[in-house]
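A.B. asks: After the structure tokens below, expect a handful of questions from me.
The values are calculated or read from the model by the stated rules, or taken from the named source; none is laboratory data. None of these values were measured; they are calculated from a predicted model. Don't worry about glycine lacking a Cβ; one is built from the backbone with ideal geometry, like all the others, and counts go over all protein chains shown. Just the protein is used for accessible areas: all its heavy atoms, side chains included, with ligands, DNA and RNA removed. Shrake-Rupley method; radii C 1.70, N 1.55, O 1.52, S 1.80 Å.
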Amino acid sequence: METILEQQRRYHEEKERLMDVMAKEMLTKKSTLRDQINSDHRTRAMQDRYMEVSGNLRDLYDDKDGLRKEELNAISGPNEFAEFYNRLKQIKEFHRKHPNEICVPMSVEFEELLKARENPSEEAQNLVEFTDEEGYGRYLDLHDCYLKYINLKASEKLDYITYLSIFDQLFDIPKERKNAEYKRYLEMLLEYLQDYTDRVKPLQDQNELFGKIQNDFEKKWENGTFPGWPKETSNALTHAGAHLDLSAFSSWEELASLGLDRLKSALLALGLKCGGTIEERAQRLFSTKGKSLEALDTSLFAKNPKSKGTKRDTERNKDIAFLEAQIYEYVEILGRHLTHENVQRKQARTGEEREEEEEEQISESESEDEENEIIYNPKNLPLGWDGKPIPYWLYKLHGLNINYNCEICGNYTYRGPKAFQRHFAEEYEDSSGNVVNKKTYEDLKRQGLL
């Protein structure tokens with residue numbers, strides 16, 4: 001059985017080796033997005049193990065059961081040699097019962113880990129599960145959220161591409177449509193974005209991010225600056241209706257001089273009870289001076305479900321707005337412009353071209369380091385302005401997959417009909433019937449050889 005001190009030594013060794021491997025992992029150059037995502041997930045796994053080992057070490061040092069103290073006393077007391085021979089006896093007994101037992105050093109385990117990283121298996125290259133639409137972390141797949149959105153009550157019917165361009169513009173949706181069904185839609189969208197972030201950016205501390213979003217949201221909500229939710233003036237003096245400016249009155253007696261009808265109108269504008277004598281109405285109205293509706297005694301309000309639910313509605317609206325705040329932050333972290341372009345490009349292609357693209361993506365390892373990347377061009381496509389092969393659909397559109405041989409030019413091959421037709425406009429025939437290009441023709445003519 002492993003002693004307490006040996007456990008502590010092993011945990012310390014494992015922590016140091018984990019730190020070393022994490023440093024090497026982070027210093028290793030990642031040429032593709034797939035490599036970066038896989039590397040981040042390996043680093044996260046090592047971080048989790050590091051925290052687990054640290055927790056175990058802390059528990060051992062706390063020594064709540066007193067076993068560590070007993071062990072220290074046993075090896076440092078007056079009978080330390082007896083303890084030594086007792087442990088030696090236990091070791092011999094163990095190997096007698098298990099003669100073929102092999103102890104693999106921890107260093108060997110970590111060496112195997114480094115070798116697996118340098119020569120990854122197919123399973124190691126696909127550490128994370130993505131849908132085909134997500135392209136191993138390149139794009140968002142919001143089809144399920146899109147279906148949920150277009151089925152919301154009173155929502156506008158739009159196509160998927162349009163949805164991708166406006167799904168995070170929640171501030172444009174009228175508040176009247178932000179009901180319980182809309183909240184469920186937000187929860188579904190947020191759950192996907194959180195899960196996608198966890199897969200694409202595993203090193204992102206989402207608990208810390210949640211705290212940051214919450215702090216920023218609370219400030220904006222209090223100031224009434226959160227997008228799509230302007231602060232509603234809840235002061236009793238500024239409500240719509242036949243309200244009354246109470247700042248000009250210093251007592252309820254002055255209010256009573258306005259008469260029953262005027263007091264009733266002012267109380268109705270605030271949603272308060274408007275019955276009673278003129279003195280009761282004046283006192284009730286004067287008690288609202290300088291106060292918000294939330295601060296008033298609920299017994300002052302008329303029996304109106306809408307008035308009773310004011311505070312509850314505010315809390316509900318705040319919950320919905322906080323969901324929107326989280327969505328805004330996650331979209332900012334992830335970005336959505338690549339997703340929109342990817343869907344547009346796919347919809348512009350035929351089924352055959354999409355299949356060819358998928359086959360190329362399987363075999364192609366697209367480098368994101370533009371300075372040192374090796375261009376993968378198995379179809380020998382012409383290069384575009386950015387030094388990369390032009391899209392296959394554009395290659396076929398211009399007929400560049402068809403070669404034309406010109407017998408006049410000595411069977412010179414031209415790629416595409418445009419280049420073949422253009423070369424005729426640049427060819428000239430000399431007096432001997434020889435066909436030459438424009439430059440050669442002008443040089444011969446200038447020298448008087450024609």
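A.B. asks: Which of the residues spanning the range 245-264 are part of a loop (DSSP other than H, G, I, E, B) and modelled with pLDDT of 80 or more?
C.D. replies: 249, 250, 251, 257, 258, 259
A.B. asks: If we scan the range 113-127, do we find a residue that is buried (at least 16 other Cβ atoms within 10 Å of the Cβ) and within 17 Å of the chain's Cα centre (by Cα)?
C.D. replies: No, every residue in the range 113-127 fails to be buried (at least 16 other Cβ atoms within 10 Å of the Cβ) and within 17 Å of the chain's Cα centre (by Cα).
A.B. asks: If a residue counts only when it is of a type in the set (Lys, Arg) and within 20 Å of residue 199 (Cα to Cα), which helices (runs of 4 or more DSSP H) contained entirely in the range 24-138 have at least 1 such residues?
C.D. replies: Qualifying helices (runs of 4 or more DSSP H): 33-62, 106-118.
A.B. asks: Answer yes if at least one residue in the range 84-102 is within 30 Å of residue 46 (Cβ to Cβ) and open to solvent by 60 Å² or more (accessible area, probe 1.4 Å), and no otherwise.
C.D. replies: Yes.
A.B. asks: Testing residue 31 on (1) over 24 Å from the mean Cα position of the chain (by Cα); (2) among the polar types (S, T, N, Q); (3) modelled with pLDDT under 90; (4) surrounded by 11 or more Cβ atoms within 10 Å (Cβ to Cβ), one condition comes back false. Which one is that?
C.D. replies: (1)
A.B. asks: Please identify the pairs in which a residue from the range 381-393 that is under 18 Å from residue 403 (Cβ atoms) has its Cβ atom under 6 Å from the Cβ atom of a residue that is hydroxyl-bearing (Ser, Thr, Tyr) and open to solvent by less than 40 Å² (accessible area, probe 1.4 Å), counting only partners at least 6 apart or on another chain.
C.D. replies: 381/395
A.B. asks: Here's another thing I want to ask about it. What number goes with the only condition from (1) in contact with a strand residue (DSSP E or B) (Cβ under 7 Å, 6 or more places away or on another chain); (2) open to solvent by 80 Å² or more (accessible area, probe 1.4 Å) that residue 300 does not pass?
C.D. replies: Every condition holds for residue 300 apart from (2).
A.B. asks: Working only within the range 149-180, note down all residues that are among the acidic types (Asp, Glu), loosely packed, with under 14 Cβ neighbours inside 10 Å and within 25 Å of residue 316 (Cβ to Cβ).
C.D. replies: Hits for the range 149-180 are 156, 172, 176.
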